[in-house]
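Below: the structure, in structure tokens.
The values are calculated or read from the model by the stated rules, or taken from the named source; none is laboratory data. Everything quoted here is computed from the prediction, not taken from an experiment. No Cβ is skipped: glycine too gets one built from the backbone with ideal geometry, and neighbour counts run over all protein chains shown. These accessible areas exclude ligands, DNA and RNA; they are computed on the full protein's heavy atoms, side chains included. Shrake-Rupley method; radii C 1.70, N 1.55, O 1.52, S 1.80 Å.
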Amino acid sequence: MRFPINVWEYIAPVLDVLFVAAIIYSLIMLARGTRAWKIFSGLLVFGGIFILSDILQFRTLNWLLRQIVPLAPVALVILFYPELRYALEEVGRVQFWRNRMLQLPTEDIQRLVAEIVRTAGGLAGRHVGALIVIEREEGLDDLIGTGTPMNAEVTSELLCTLFHPGSALHDGAVIIRGDRIAAAGCVLPLTDRPGIGSDIHTRHRAAIGVAERSDAIVVVVSEETGSISIGSEGKLARGLKTEELQQRLAGVLQPPNGRPSRIPFLRPRQ
């Protein structure tokens, strides 16, 4: 006599493990390059010392650490409060779950890169500051909401006008979504990473800040020195020439292996 096999009993554990792995991976990607990542690394060191103190029979040290452990849940909430709020906001956004398969055509990416490079080169030569953010897979609706909506085609002439010292929006950032300028005059979060040099001014701190919190690409033109920088993944490459800027942007937005760009194609909002 053959007994029926409950297939779900075999599938459920696999799905359970995959689901937990996906959650852990998403949390790591959200925390990577931020202050939370360093705190997490410190907690791992603390845990390692706790285990070693038990193995090596360091009774006094182990007793002291045991007194701290019961306070861990409250301490974690306090330490990770900004990051927990940010993670929940990200999960709650439509952009976190939306389909990313539609991409900008290659020719549109090339035109976008050319316009940004031409803008950066022209502004750098006149020592006019600029901050251009290119949205990629992670939505920047919260930052777009701090500026003036535009929904305009990306052109060097328009970008130079927005960053002109006489413009009301020149102090803020321009955020590009797809092949359109979504908003101008946007306020970006400044990095709170320790160890930032005193020569890193507000625009560059803002570039690092948004690059830490998203996968956006940020182009910065220094008003003081006229130098061009590019920020991504929480890092800032400074002192670039226009040729280097073009190569870096093209390499990130249109990889040479032929894979499609990671810039989502979004139709202009009405």
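Note down the net charge around residue 154, summing +1 for each Lys or Arg and -1 for each Asp or Glu among other residues with Cβ under 14 Å from its Cβ. Don't jump to the answer; show the numbers that get you there.
Values: positive: 111, 118, 177, 180; negative: 107, 108, 115, 135, 153, 157, 179.
Taking every other residue near residue 154 into account, the sum is -3.
How far is the Cα center of region 138-164 from the Cα center of region 112-131, in Å?
What the calculation gives is 14 Å, centre to centre.
Would you mind putting 160-166, 65-71, 49-55, 246-252 in packing order, based on average other-beta-carbon counts within 10 Å, highest first?
Top of the packing list down: 246-252, 160-166, 49-55, 65-71.
Considering only protein heavy atoms, what is the solvent-accessible area of residue 192 at a probe of 1.4 Å, reported in Å² to the nearest 10?
Probe radius 1.4 Å; accessible area of residue 192 about 80 Å².
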